[in-house]
1. Identify the single condition in (1) in contact with a strand residue (DSSP E or B) (Cβ under 7 Å, 6 or more places away or on another chain); (2) surrounded by fewer than 23 Cβ atoms within 10 Å (Cβ to Cβ) that residue 75 does not satisfy, given that it satisfies every other one.
2. Can you say whether residue 360 is under 28 Å from the mean Cα position of the chain (by Cα) and either over 24 Å from residue 778 (Cα atoms) or within 16 Å of the ligand (Cβ to nearest atom) (or both), as far as the supplied structure shows?
3. Mind telling me which of the residues 252, 213, 259, 225 ends up being surrounded by fewer than 17 Cβ atoms within 10 Å (Cβ to Cβ) and either in contact with a strand residue (DSSP E or B) (Cβ under 8 Å, 6 or more places away or on another chain) or in contact (Cβ under 8 Å) with a residue 40 or more places away in the chain (or both)?
4. Which residues, taken from the range 192-201, are touching a helix residue (DSSP H, G or I) at 6+ places or on another chain (Cβ under 9 Å), in a loop (DSSP other than H, G, I, E, B) and over 9 Å from residue 374 (Cα atoms)?
5. Look through the range 644-681, keep the residues that are touching a strand residue (DSSP E or B) at 6+ places or on another chain (Cβ under 6 Å) and closer than 14 Å to residue 540 by Cβ, and return whichever of them is farthest from the ligand (Cβ to nearest atom).
6. Do we find a residue being surrounded by fewer than 22 Cβ atoms within 10 Å (Cβ to Cβ) and under 18 Å from the mean Cα position of the chain (by Cα) anywhere in the range 97-116?
7. Residue check: is residue 288 within 26 Å of the chain's Cα centre (by Cα), touching a residue at least 12 places away in the same chain (Cβ under 8 Å), within 16 Å of the ligand (Cβ to nearest atom) and assigned by TED's automatic domain parsing to the domain that holds residue 233?
Ligand code: 26V
């Protein structure tokens, strides 16, 4: 048997070099003289992949031998980013690889950066799924991720005259080095047709074809599989049509089938209710369940043991059709009585809720639903009836006239329902799931999100990682709570100056990169104030830019005062149809143009909106940040995970009491966190005050002046009314309470300025954030799911 750990540590620079050259020659078919960066990157990737495969097989074998319970994570999104550096870091081959590439006359970072960023997700929900897969492997839990192999991931964003333009993303135009096609793992997925006699005759079908990517854990001790489904036609080609001369018709079935896995939906919280989206959901859920049952029957046989050996987690309601589909498989296809099938399904399923925004709670018209999935609609009706029969006095329903409610369905069909931060879980209990929680008081649990320290510290911030390892050894990588052992070093001047130096160097690297890529010169001595996340009104990028405008005006009014130089860095994508969010992007770009050109303020305030935010850009920005903007309207951000990455990397948070901010503040200490804004309860009360926005503007001349500048065309002289609707919104309805929170936000920002001027004090606060963030490892989160939801255990 091969021990993956021995493999990686005995793999020398010479071996690495030989392996790269081997793959360059025999896999890529190139010689060193004619190889492109792409060829070298692929050759390196295959060399690394070879090292993963042995441990991967060993993990599979151990899972079978142990007969262990398996975890299946069903998610429409896996925002995995680049995998080469991750693999090199986890196998501890990064130094060898860099040496080997250098010896071959190459720039290692150029080769590693050649990999496209796999953007098979929108934002937090998808990135969380990726961190969870990595943690499941690092902990040695037998697990599979199941999702869709989108041909096109999240759109590429560019700016034209400050406006967002969406371009197609094409990661699969190159060969994906990490995947293995599995021609033997294919399932026929039906749609439409008729439901009859407790059965289903679909009118159409497509094939779900499996592609596996190994996900290697820390030190290569374990690797799990991410299995992504691609849609293919049942018959590749309609020969009859072709022979009749109808060439377009001949190709139609293929094009129709492939449409299902063609593109990721780019809306993250706005409901779209499109048929194709429902097809995608059923497609990947049905294929995954078929695969899970096939594996289960091979290993264990008796379907009544399913909950003992299988835990299936639904990442939001997108795979909620798993409930009725599992009942259909157990009851219709395997003859298990309906009620028993329902209980078995429920004991197997868990459901994670990721948002309370009403527009993001999935609801389908039963017309569409019944046309696509007639038997499932019947089963859902029966589940609804059974639930109402058990709780006759309750008014909860899964069906409403004309609609199927996926949140309620998921709740009823899961034995555990979890929120993603303490506050969010409490709000679930008191708002959207209030009644269901009263009926099932033990069902809702909290599992506060986490992030993998391998990618988000060790790999992305090598300077800080080395400093930590120098002081406490390297066990922290697999046990992040050990960071607390640095607590005593925070008083030590040597440690603090090394900590500050790591941050300074990271900032210098980022500044050099921004200058090279975007032509904007930044002084690393300035405070790097960063807000990076999807564009949403609830995330309040407009609050941030209003504060920037007010600051610009204040500096212009007193240029010689003692200002703290800062650069505000933004990045993030807006859903293509979310016009208000796109207008906020344009406003930020317009403000940046005016402010950055102002000779009076130039060395005190800069504004930069970096295009095409993705995982790779986050890895670059977070280690170089001083200030983390987590400024959502309280009660709206379910958790946030960027907030954790920043705190871990020593950026101080300016934030509201929302999502996991609450828990971050508790842990890093309130003196190391810049709190502002209304609480979730105060938000609800404030909305009831008539003219709340106008009242807030009336008492804050800074806010009034900033809004006036937006309104009068200061930032868009060629079209002065361009942002009238934004000002109108913030002066009137202002649902997200930007105006009402502005004054306190300004106050907190000036405290940030003062704190930053005390460089040593700032470094101490930053270091305390790092040292006290160990709890936010996704390893801790996964242990929580294992104990509270899955009843699963590691095999190593
Ligand atoms: C909804 C929809 C609606 C239909 C179109 C496609 C689509 C895609 C995604 C979603 C749900 C997005 C929910 C989400 O990303 N929530 C985020 O989850 C993070 C991980 O738990 C959490 O940290 C963020 O606070 C939360 O916004």
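1. For residue 75, the failing item is (2).
2. On the way: under 28 Å from the mean Cα position of the chain (by Cα): yes; either over 24 Å from residue 778 (Cα atoms) or within 16 Å of the ligand (Cβ to nearest atom) (or both): yes.
Considered against the rule, which asks whether it is under 28 Å from the mean Cα position of the chain (by Cα) and either over 24 Å from residue 778 (Cα atoms) or within 16 Å of the ligand (Cβ to nearest atom) (or both), residue 360 comes out as yes.
3. Values: 252 fails: either in contact with a strand residue (DSSP E or B) (Cβ under 8 Å, 6 or more places away or on another chain) or in contact (Cβ under 8 Å) with a residue 40 or more places away in the chain (or both); 213 fails: surrounded by fewer than 17 Cβ atoms within 10 Å (Cβ to Cβ); 225 fails: surrounded by fewer than 17 Cβ atoms within 10 Å (Cβ to Cβ).
Exactly one residue qualifies, and that residue is 259.
4. Listed by number, the list holds a single entry, 198.
5. Filtering first and then ranking leaves 654.
6. Keep residues of the range 97-116 that are surrounded by fewer than 22 Cβ atoms within 10 Å (Cβ to Cβ), which gives 98-99, 102-110, 112-114, 116.
Filter once more, keeping what is under 18 Å from the mean Cα position of the chain (by Cα): 116.
Yes, the conditions are met somewhere in the range 97-116.
7. Values: within 26 Å of the chain's Cα centre (by Cα): yes; touching a residue at least 12 places away in the same chain (Cβ under 8 Å): yes; within 16 Å of the ligand (Cβ to nearest atom): no; assigned by TED's automatic domain parsing to the domain that holds residue 233: yes.
No.
Yes/no matrix, rows are residues, columns are (1) at pLDDT 95 or above; (2) surrounded by fewer than 16 Cβ atoms within 10 Å (Cβ to Cβ); (3) more than 16 Å from the ligand (Cβ to nearest atom); (4) closer than 18 Å to residue 763 by Cβ:
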position: 485; (1), (2), (3), (4): yes, no, yes, no
position: 491; (1), (2), (3), (4): no, yes, yes, yes
position: 505; (1), (2), (3), (4): yes, yes, yes, yes
position: 521; (1), (2), (3), (4): yes, yes, yes, no
position: 531; (1), (2), (3), (4): yes, no, no, no
position: 541; (1), (2), (3), (4): yes, no, no, no
position: 548; (1), (2), (3), (4): yes, no, yes, no
position: 556; (1), (2), (3), (4): yes, yes, yes, no
position: 566; (1), (2), (3), (4): yes, no, yes, yes
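The values are calculated or read from the model by the stated rules, or taken from the named source; none is laboratory data. A quick note: this is a predicted structure, and the numbers were derived from the prediction, not measured. A quick note on method: Cβ atoms are made from the backbone with ideal geometry, for glycine too, and the neighbour counts reach across all protein chains shown.
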